[in-house]
2 protein chains.
Amino acid sequence: MRQVLAADIGGTNIRLALVSEDGCIIDETRCTAELSRHNLQSQQNAEVHILNALCEVIQPFADMHAVTSLGMGFPGFFHSQSGLLASSPNLPLLRDFALAERLAEQLSIDVAVENDALCAAIGEHRYGAGKGYANLLHVTLGTGIGSGLILNHAPYSGEHGMAMEFGHLCIEHHDGRLCGCGNHGCVEAYASATAIIRRFNECCGAHSDAKEVFELAQQGHDCANRIMLEAGQYLGMAIAEAVKLLDVTSITVSGGLSGAWDLLYPALMSELDTNLIPPLKGKVDVLRSTLDDNAGLLGAAAIAP
Amino acid sequence: MRQVLAADIGGTNIRLALVSEDGCIIDETRCTAELSRHNLQSQQNAEVHILNALCEVIQPFADMHAVTSLGMGFPGFFHSQSGLLASSPNLPLLRDFALAERLAEQLSIDVAVENDALCAAIGEHRYGAGKGYANLLHVTLGTGIGSGLILNHAPYSGEHGMAMEFGHLCIEHHDGRLCGCGNHGCVEAYASATAIIRRFNECCGAHSDAKEVFELAQQGHDCANRIMLEAGQYLGMAIAEAVKLLDVTSITVSGGLSGAWDLLYPALMSELDTNLIPPLKGKVDVLRSTLDDNAGLLGAAAIAP
């Protein structure tokens, strides 16, 4: 059975895996790399830096497994036609960069790269809870909220690779919380792990991580419970908006916060149903990912050329 | 040059036209027909009634012009695969009805039918301000707010034909105005002609039509002016949400209310820009339709088989 290399690139964390055609992770390694640096000054420097940083971790793993094909999920916007990396929020110096092509030259293997959140959707659609659906909206609840869309079995990334900025749908138009994007009231400012932690700290003055907050909520902690229920409600409101525009009725949710499914799901479904147009009420399936945090990695494997 | 028949079906008003391949309306007639009746009781009765009502007005016009192909915009949801009319808000008895096929049999001509708001998008894309754009979001500001989407030069209607329920995007999550769909806070409850009239009547106790309200606003009437500016702002907010999900950066607006473009446009653009994600700020074109209220009719002509 064919095996390919998959890479899931985060801000500092990189996951590499050898993946078989049927979606089994045969070998995996995790490492860190400083992809964004502040002293790069020019686009050329930034390009050389990112290529070297990626090759440094990928080359030994690729050599060890003697694979010739790499699929990669990368945090950035990719032009749907040219495949160029249009821009990346964490790497502002990079513009219209032929990341896949340059990486392929340097590694001497075939490379395809796609937006990381879209890779998670591709993974869930190919191997996970979204298998078999022609149309799928996949939401990743992590540090931020990522999202990817499958339309008629194909990934949809929009004209500028900026489609499915689901995390920045506005669900509080008045006095909304400040989001990392600079706007107010985005769903990411209420239902991402970062938001959960921040809200809990504000309410209880205690520093914690998101997992602790939802475990406290599960044990009946009032404030933690309210924050988790509200996160579910806001997610339901945002999913309703997406369904109204896309008429996609299969939704999958992955990421660390989906561990709190028993809290999130009822609140999410109730608010979703309230906000849908009447003919779609009760007709939207929201499923917990069956791939946990491997959705992005397996999606990367799925796009390997 | 090839000529086809186009029909734009409203709740009671029907427009029929003979249209040339280059989008010229050669002959046109307007009539009324009572398509929805309360005493039909069964789906079979409703089917026979709607077919007869449509044929009664279409047949003479088709015979007169000896055309063999009809494109029709109809207020309902059409299954994207089968082309069946899944449902129509005004004709609740009709379910999964082969409207195009049955009409073709009865009229003995070729017939294609599509959702009316999607027809307007198709018309604007083929013949109007949206010409040449691969991706286009078209918004019709009428009694309600309709919307249609072109992706990669092709109409997108979603899995159940219910995509682009743009008019029901929620832009007021707290104490939002009641919308005709039963939900609260939909953009249609603020920026449709019906909403403009209702809001003006509430504020001034005067009965009026939407055109009078925006003419008063243009003359500096305080309340009319505020209502029109708010309509523009809410439209801008809703368009921002659509752009965040779809990454479509070409928007066209038609319908009676677009006559108030000088009032709507600045308010719309300002609010749109505020609400977009940073990389898309300043990059979205919102254009007034060049087809006025012919967008739907010309789109119907464009889908004629």
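Table: residues versus (1) of a type in the set (Ser, Thr, Tyr); (2) closer than 30 Å to A:Ala86 by Cα; (3) modelled with pLDDT of 95 or more.
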residue: A:Met164; (1), (2), (3): no, yes, no
residue: A:Leu169; (1), (2), (3): no, yes, yes
residue: A:Val187; (1), (2), (3): no, yes, yes
residue: A:Gln218; (1), (2), (3): no, no, no
residue: A:Ala240; (1), (2), (3): no, yes, yes
residue: A:Leu246; (1), (2), (3): no, yes, yes
residue: A:Ser250; (1), (2), (3): yes, yes, yes
residue: A:Trp261; (1), (2), (3): no, no, yes
residue: A:Pro266; (1), (2), (3): no, no, yes
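Is it true that A:Val113 is modelled with pLDDT of 95 or more, more than 13 Å from every other protein chain (Cβ to nearest Cβ) and touching a helix residue (DSSP H, G or I) at 6+ places or on another chain (Cβ under 7 Å)? So A:Val113 fits the description; yes.
Please determine whether any residue of region A:131-154 is in contact (Cβ under 8 Å) with a residue 40 or more places away in the chain, among the aromatic types (Phe, Trp, Tyr) and within 14 Å of chain B (Cβ to nearest Cβ). Yes. Starting from region A:234-254, take each residue that is within 12 Å of A:Ile150 (Cα to Cα) and list its partners that are assigned to a loop (DSSP other than H, G, I, E, B) and β-branched (Val, Ile, Thr), counting only C-beta distances under 9 angstrom and pairs at least six apart or across chains. Every condition considered, the pairs that remain are A:Val248/A:Val284; A:Thr249/A:Val284; A:Ser250/A:Val284; A:Ile251/A:Val284; A:Thr252/A:Thr290. State whether the residues of region A:291-303 include one that is aliphatic (A, V, I, L, M) and either within 14 Å of chain B (Cβ to nearest Cβ) or in contact with a Ser or Thr (Cβ under 6 Å, 6 or more places away or on another chain) (or both). Scanning region A:291-303 turns up at least one residue that is aliphatic (A, V, I, L, M) and either within 14 Å of chain B (Cβ to nearest Cβ) or in contact with a Ser or Thr (Cβ under 6 Å, 6 or more places away or on another chain) (or both).
A Cβ distance below 6 Å, combined with a sequence gap of six or more or placement on separate chains, defines the contacts here; from region B:170-185, residues that are at the interface with chain A (Cβ under 7 Å from one of its Cβ atoms) reach residues that are among the hydrophobic types (A, V, I, L, M, F, W, C) in the pairs B:Ile171/B:Val187; B:Ile171/B:Met237; B:Ile171/B:Ala238; B:Cys181/A:Ile277. Within region A:175-220, the set of residues being within 19 Å of A:Glu241 (Cα to Cα) and not in a loop (DSSP other than H, G, I, E, B) comprises A:His184, A:Cys186, A:Glu188, A:Ala189, A:Tyr190, A:Ala191. If only residues of region A:200-255 that are among the β-branched types (Val, Ile, Thr) and under 30 Å from B:Gly161 (Cβ atoms) are counted, the one that is surrounded by the fewest Cβ atoms within 10 Å (Cβ to Cβ) is A:Thr249. Would you confirm, using the coordinates I've provided, whether B:Gly142 is touching a Gly at 6+ places or on another chain (Cβ under 6 Å) and at pLDDT 95 or above? Criteria not met by B:Gly142.
Selection over region A:7-35 of residues that are closer than 21 Å to A:Asp110 by Cα and part of a strand (DSSP E or B) gives a count of 15.
Tell me the residue from A:Arg226, A:Arg199 that is farther than 26 Å from A:Lys131 by Cα, more than 14 Å from chain B (Cβ to nearest Cβ) and in contact with an Asp or Glu (Cβ under 9 Å, 6 or more places away or on another chain), please. Result: A:Arg199 is the single residue among A:Arg226, A:Arg199 that is farther than 26 Å from A:Lys131 by Cα, more than 14 Å from chain B (Cβ to nearest Cβ) and in contact with an Asp or Glu (Cβ under 9 Å, 6 or more places away or on another chain). Scanning region B:134-162 for residues that are assigned to a loop (DSSP other than H, G, I, E, B) and within 19 Å of B:Ala295 (Cα to Cα) yields B:Ala134, B:Asn135, B:Gly142, B:Thr143, B:Gly144, B:His153, B:Ser157. Do we have B:Glu172 as in a helix (DSSP H, G or I) and out of contact with any helix residue (DSSP H, G or I) (no Cβ under 7 Å at 6 or more places or on another chain) here? It is false that B:Glu172 is in a helix (DSSP H, G or I) and out of contact with any helix residue (DSSP H, G or I) (no Cβ under 7 Å at 6 or more places or on another chain).
The values are calculated or read from the model by the stated rules, or taken from the named source; none is laboratory data. Computed from a predicted model, the values in this text were never measured in an experiment. Glycine also receives a Cβ, built like all others from the backbone with ideal geometry; neighbour counts cover every protein chain displayed.
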